[in-house]
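The values are calculated or read from the model by the stated rules, or taken from the named source; none is laboratory data. Worth saying up front: this structure is predicted, and the values here are computed from it rather than measured. In this analysis, Cβ positions are derived from the backbone assuming ideal geometry, glycine residues included, and neighbour counts consider all displayed protein chains.
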């Protein structure tokens, strides 16, 4: 497989080092869908790009400005896709986003239509990839949508699965052929255990679930449902439990703190989906905690996994590049609750030092266990390191 990837990259004109670094850590940025849905235009995207810079989010690592569905117009007589009237000049928009030190993402489908009913890329993969490259696109989200109708008409489940894999592989190779590094995001909701084959078809990240919603139950169902998938994530390709809802108003501050803490432990892409031009100080603080971002972006690229759980709490841990571990103590109940972690559960036999990443506070040296009161639907996110 590595030889095949190397050959495809060599033929495309992209260096191996560029390909390897395209998603060396989980991508961070903003996407239009969660807040704006189909109601987007050029001015909205520019305003969000401006806000990424003015808020400090760009400097914290949020670099992608991703246009989701509803930018698409009609194809001309030669089959070339053009934006609709809400996006009069996509190349000019890309140039504007790039001038801010940011990257521009776009959206399509392997099917004839997108989820919103706009033109998909079916039968036009190479044309669309070439157009995206000419515009200066840096990221493509490729959403299964109407291609599912093609799959269900297959003669067998195996044929349907192969059709889907081939569709994603076809766009991957089309992107590579352009010679422009374009990050490739597979969005097909975890069908056919995509984490087992997403990297083989060129995915830099792949959705493992259906769509997130701005409520605690859906967010935690998705987040804690990632247990057991850690071995499929690594630098260059990541499990994607969907975009962040932080700041959209459907959860409490503590619930949003749980949201971003869990995503950091999962080495998940951090693609915020709120209106960046209208953020509270709490929202900015949640999105910009440098210690939490550092956990998500840890260079080792090892996804965290469940340590222990019951009906009232979850404990997760993620190994970090410096030998320490990020540990999340999650309270699933609607009232504050004491949660403890034995350091032997994390593999430690000697003394450890513990740091609270949200409080930015060293909690001291400990030997056997740590116990703390965790807020309702909240989290204690720790960094634990053995004392040498």
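Within segment 283-305, being outside any helix (DSSP H, G or I) and under 12 Å from residue 320 (Cβ atoms) holds for 297, 298, 299, 300, 301, 302, 303, 304.
To keep it simple, each residue is scored yes or no on (1) under 25 Å from residue 308 (Cβ atoms); (2) surrounded by fewer than 17 Cβ atoms within 10 Å (Cβ to Cβ); (3) under 13 Å from the mean Cα position of the chain (by Cα); (4) in contact (Cβ under 8 Å) with a residue 12 or more places away in the chain.
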site	(1), (2), (3), (4)
152	no, yes, no, no
187	no, no, yes, yes
200	no, yes, no, yes
224	yes, no, no, yes
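Going by the structure shown, is residue 325 in contact (Cβ under 8 Å) with a residue 12 or more places away in the chain and under 21 Å from residue 232 (Cα atoms)? Lay out the reasoning, then the answer.
Values: in contact (Cβ under 8 Å) with a residue 12 or more places away in the chain: yes; under 21 Å from residue 232 (Cα atoms): yes.
Here the answer is yes, as residue 325 does meet what is asked.
Of the residues that make up segment 317-328, is at least one over 23 Å from residue 240 (Cα atoms) and either surrounded by fewer than 18 Cβ atoms within 10 Å (Cβ to Cβ) or at pLDDT below 95 (or both)? Looking through segment 317-328, at least one residue is over 23 Å from residue 240 (Cα atoms) and either surrounded by fewer than 18 Cβ atoms within 10 Å (Cβ to Cβ) or at pLDDT below 95 (or both).
Going through segment 203-222 one residue at a time, which ones are assigned to a loop (DSSP other than H, G, I, E, B) and in contact (Cβ under 8 Å) with a residue 40 or more places away in the chain?
To start, the set of residues in segment 203-222 that are assigned to a loop (DSSP other than H, G, I, E, B) comprises 203-204, 208-215.
Within segment 203-222, 204, 212, 214 meet the criteria.
Among the residues of this structure, residue 229 does not count as one that is in contact with a strand residue (DSSP E or B) (Cβ under 7 Å, 6 or more places away or on another chain), modelled with pLDDT of 95 or more and over 22 Å from residue 329 (Cβ atoms).
Do we have any residue at all in segment 131-141 that's surrounded by 20 or more Cβ atoms within 10 Å (Cβ to Cβ) and assigned to a loop (DSSP other than H, G, I, E, B)? Looking through segment 131-141, at least one residue is surrounded by 20 or more Cβ atoms within 10 Å (Cβ to Cβ) and assigned to a loop (DSSP other than H, G, I, E, B).
Applying the condition of being assigned to a helix (DSSP H, G or I) and either surrounded by fewer than 19 Cβ atoms within 10 Å (Cβ to Cβ) or not assigned by TED's automatic domain parsing to the domain that holds residue 71 (or both) to segment 13-35 and asking which residue is modelled with the lowest pLDDT yields 16. Step by step: first the residues of segment 226-279, then only those that are over 15 Å from the mean Cα position of the chain (by Cα) and outside any loop (DSSP other than H, G, I, E, B), then the one that is surrounded by the fewest Cβ atoms within 10 Å (Cβ to Cβ). Which residue is that? Top of the filtered list is 231. Kindly evaluate residue 164 against the criterion of being free of Cβ contacts under 8 Å to residues at least 60 places away in the same chain and crowded, with 23+ Cβ neighbours inside 10 Å. So residue 164 fits the description; yes.
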